[in-house]
There are 2 protein chains.
Amino acid sequence: MSNITAPTQFLEVNNERYAYRRFGKGHGRPLLFLQHFTGTLDNWDPAVTDPLASEREVLLFNNAGLGRSSGQVPTTIAGMAKHALAFLDGLGLTSCDVLGFSLGGMVAQQIAQDRPSVFRRMILVGTAPRGGEDIMHLEKPSLAKHFKDPALHGYEILKKLFFAPTDSSQAAGEAFIQRLAQRKEDLDPVSGPEVAAAQIAAFRDWERFTGEHFAELKRIPHPTLVVNGIHDEMIPVSNSYRLVENLPNAVLLAYPDSGHGSLFQFHESFVRQATAFLASDSQFAPF
Amino acid sequence: MSNITAPTQFLEVNNERYAYRRFGKGHGRPLLFLQHFTGTLDNWDPAVTDPLASEREVLLFNNAGLGRSSGQVPTTIAGMAKHALAFLDGLGLTSCDVLGFSLGGMVAQQIAQDRPSVFRRMILVGTAPRGGEDIMHLEKPSLAKHFKDPALHGYEILKKLFFAPTDSSQAAGEAFIQRLAQRKEDLDPVSGPEVAAAQIAAFRDWERFTGEHFAELKRIPHPTLVVNGIHDEMIPVSNSYRLVENLPNAVLLAYPDSGHGSLFQFHESFVRQATAFLASDSQFAPF
C-alpha cells in the first residue's frame, strides 16, 4: 500500500468531515502525519510514508478546511490541535506516534501539552517552538523572490522553497516532485489563498509568547526526534536548536545541503533513522 | 580484544616514540581515535572502542608528551596534527577514518586541511571549529567549582565535568568511570599540570581566527558526523552548530540530558550511529 494509491477516507465527527488516508500494517504504534503549510494528503512523499507503513499503520490527516476536510482553517495552532484530537477520538485511537512537519510539528507540540497521553514518541521536522524566530515569513526577500518569479509555477515553487540552492538539493527536489506526481486520481484540491492566510495568522500567533521563553517545552517529556535541514529558509534551524535545548528528552538530527524538505531530500536516511527511533521503547530519546 | 586488555605499543618516528594501542579487525577502514584534554589511552571508554573494533581496527593514539609518548606537548593544534600525521606515516597508513573527541576533534579538522587524503569519513564529538566560542575555559565558575571542591578527586571530577547535573547523567558518569577502572595494568601516567597548560594554550590559539569566520570549514569536504551533548559546559553545543552550518557535508547528532561526554553516556546509541555512518561509502554524509 502506498500514498500513490491509498484511497482517501472520510470520518464524521462533531459536525465536521475529516479527509484522511490510512494504510500499512505491522506491530508498531500507528503513526499520525501532521502536514505543512497549505499541504494536503497529496503532499506526503511516498518515499517517506510507504516504507514507514511497512511496520505500522500510517495515518495522513487533513486538518479542518484543508483538501476535502470540511470546516474553517483555524487561525491558531491550538484550534488545529483540537481538530486533530477530535479526529483521533473519532477513530477511537487513544495512543499513537506522531510525525509533525513544519506547521504540523507545532500542532504536535500543542497536542503533547493538551493531552500528553495520546503520543508515545514524537518526530518534529522543520518546525519551531512557540516563541520561535523567523517562522514562515514569506514576505522576506529570500522567499518572496520565488513567488514573484514568473517562470515558476505550482510544484516548481515548492522545489525552490523546500530545497537548498545547490545542484544536489535541487535535483533531490525534482525527484520529490516526480514522486508526488505519481498519484493521478482521488486528489485533494490545491489550497487557496484563504487557507494560506489563516495558517499564516496561526504562525504569527505562534511566534508570540508570554512568561519564560520556551518554558512549556520543559513540560513535554515525550521521547522526541527533532530533524532539520541546515539551510532551511522557511523555518530556520535555530528553531530546532531551541527545541532540543529546552525539550528534556529530544535528539537533534540536522542534515547538510538541504532546506525545509530535508526529510524528502534524504528520505532513505530519514526513514532509517525514524524507523530506529520509533522501534525503541526506551523512556529515553537516544536510539 | 578490548581497551581493557589491549597492550600498549610504541612506534619510533623522527626521534619521537609514540604510545598507542591497536586492536580489532574487520573490513572497515581503520579508525583513528584522537583524545580529549589531558586524556591518555586509558581514558577511552571500552564501551565505545570495543564494539567499534568488531568491524575494523581501532587505533588509540597518545600525542607527543601524553602518557608514555615522548616529546613536548605542542601549544598549537597544528603542532599536534604534525605528530598525528608522523604517527600515521610511521605505521604506513595512508587512509583511515577518524573519531576526534574535544581537543582531538580540533586536531582532526587540522589534519583534514593539511592532508585531506588521509581521512575518508570523520566523526567529531564535543569539539569546536577554529574561532569557536567558550572553548575549555576551566576558570569559569560552572567548571571551576568542581576543581575547587575538596570532596572531589580524580575521576570524580571527570564525572562532574563530562556529565550533566541530573541523576540520569551522573549515573551514566559513574558507570563510565567504572568501565575505565576495569583496566588494571599497563597504564599510562596521569597527565600533569604542564600537559594541561600546553593544551590550554592550544585552545586559546584555536579560539583566534583571521579573515572570514569559519571559511576554512567550507574547504573540508569529507563526510562528517558531528556529535554533541546539549548541555556541554566544556565546549558548548553552539560550536557544533557552527561546524554543521559551515562544513558542507556534515550531519549533526545532538543528545539530550548530557554534557561533554555524550558519547560515553549514550554509548549504545553512539556506537550504533557511528557504525552506520562508517559503514556508508556514499560521498554524502547522511546515513
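Here are the numbers:
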{"item": "Simple Cβ-charge dipole of region B:144-266, Lys/Arg +1 and Asp/Glu -1, about Cα centre, in debye nearest 20", "result": "100 debye"}
{"item": "Cα-Cα P(r), region B:22-74, percent of pairs per 5 Å interval", "result": "5, 21, 27, 20, 14, 9, 3, 0"}
{"item": "Set A:LYS218/B:LYS140; A:LYS140/B:LYS218; B:LYS82/B:LYS145; B:LYS160/B:LYS184 screened for pairs whose C-alpha atoms are more than 28 Å apart", "result": "B:LYS82/B:LYS145"}
{"item": "Position A:ALA171, label points 7 Å along Cα→Cβ, spacing to each other copy in nm (shortest first, one decimal)", "result": "4.8"}
{"item": "Per-residue HN-Hα couplings for region A:73-83 [Karplus 6.51, -1.76, 1.60; θ = phi - 60°; Hz; x = Gly/Pro]", "result": "5, x, 9, 9, 5, 4, x, 5, 4, 4, 5"}
{"item": "Ascending list, in nanometres, of distances separating the A:ASP205 label from those of the other copies (7 Å, Cα toward Cβ)", "result": "5.7"}
{"item": "Karplus-derived HN-Hα couplings along region B:18-23 (A = 6.51, B = -1.76, C = 1.60, θ = phi - 60°), whole Hz, x at Gly and Pro", "result": "9, 8, 7, 10, 9, 7"}
{"item": "Chain A: C-alpha gyration tensor shape, a/c 1.5 cut-off, then a/b vs b/c", "result": "rounded"}
{"item": "Sequence-distant aspartates and glutamates (8 or more away, or on other chains) whose Cα lies within less than 16 Å of A:LYS148", "result": "A:GLU139, A:GLU156"}
{"item": "For the protein assembly as shown, the fraction of alpha-carbon pairs in successive 20 Å shells from zero, as %", "result": "21, 51, 25, 4, 0"}
{"item": "Shape category assigned to region B:196-241 from the gyration tensor of Cα positions, a/c cut at 1.5", "result": "oblate"}
{"item": "For A:ALA164, distant residues with modelled amide H under 5 Å away", "result": "A:GLY259"}
{"item": "Beta bridges per DSSP with both ends in chain A, % antiparallel, nearest 5", "result": "30 percent"}
{"item": "Reference-scaled alpha-carbon Rg (2.2 N^0.38 Å with N residues) for region A:230-287", "result": "1.19"}
{"item": "Nearest-first distances (nm) between copies at B:GLU156, label 7 Å from Cα via Cβ", "result": "7.0"}
{"item": "Nearest-20 debye value, region A:1-139 charge dipole, Cβ charges on Lys, Arg, Asp, Glu", "result": "420 debye"}
{"item": "Antiparallel %, DSSP beta bridges [both residues in region B:2-129], to 5", "result": "45 percent"}
{"item": "Exposure rule at most 11 other beta-carbon atoms within 10 Å, DSSP loop GluC sites (Glu not before Pro): chain B longest free segment", "result": "B:1-138"}
{"item": "Karplus 3J(HN,Hα) series, Hz, for region A:187-201 with 6.51 cos²θ - 1.76 cosθ + 1.60 (x for Gly, Pro)", "result": "8, 6, x, 6, 5, x, x, 6, 5, 4, 4, 5, 5, 5, 4"}
{"item": "Dipole of chain B [Lys/Arg +1, Asp/Glu -1 at C-beta], most positive-end residue of B:LEU103, B:PRO116, B:THR38", "result": "B:PRO116"}
{"item": "Alpha-carbon Rg with Dmax, taken over region B:102-229, Å", "result": "17.0, 48"}
{"item": "Estimated 222 nm signal from helices in chain B, with DSSP H stretches of n ≥ 4 weighted -39500 (n - 2.57), rounded to 500", "result": "-11000 deg cm²/dmol"}
{"item": "Listing of region B:249-275 residues, each with accessible area lower by at least 10 Å² in the full protein assembly than in the chain alone (probe 1.4 Å)", "result": "B:ALA250, B:VAL251, B:LEU252, B:LEU253, B:ALA254, B:TYR255, B:PRO256, B:ASP257, B:PHE266, B:SER269, B:ARG272, B:GLN273"}
{"item": "Within straight-line cross-link reach of B:LYS159, aspartates and glutamates at Cα separation under 16 Å, skipping those fewer than 8 residues along the same chain", "result": "B:ASP42, B:ASP45, B:ASP149, B:ASP167, B:GLU174, B:ASP232, B:GLU233, B:ASP257"}
{"item": "nm² value of the averaged projected area, convex hull over the Cα atoms of region A:175-287", "result": "9.4 nm²"}
{"item": "Cα shape, region A:32-104, gyration tensor, a/c 1.5 rule", "result": "oblate"}
{"item": "DSSP-defined antiparallel bridges as percent of all bridges, the protein assembly as shown, nearest 5", "result": "30 percent"}
{"item": "Surface share of carbon and sulfur [accessible, 1.4 angstrom probe, percent] for region A:1-43", "result": "46 percent"}
{"item": "Amide H contacts of A:LEU99 (H built 1.01 Å from N, under 5 Å, at least 5 apart or other chain)", "result": "A:LEU32, A:PHE33, A:LEU34, A:ILE123"}
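The values are calculated or read from the model by the stated rules, or taken from the named source; none is laboratory data. Worth saying up front: this structure is predicted, and the values here are computed from it rather than measured. With ideal geometry, Cβ positions are generated from the backbone for all residues, glycine too; neighbour counts draw on all protein chains shown. For accessibility, only protein heavy atoms count, side chains too; no ligands or nucleic acids. Shrake-Rupley method; radii C 1.70, N 1.55, O 1.52, S 1.80 Å.
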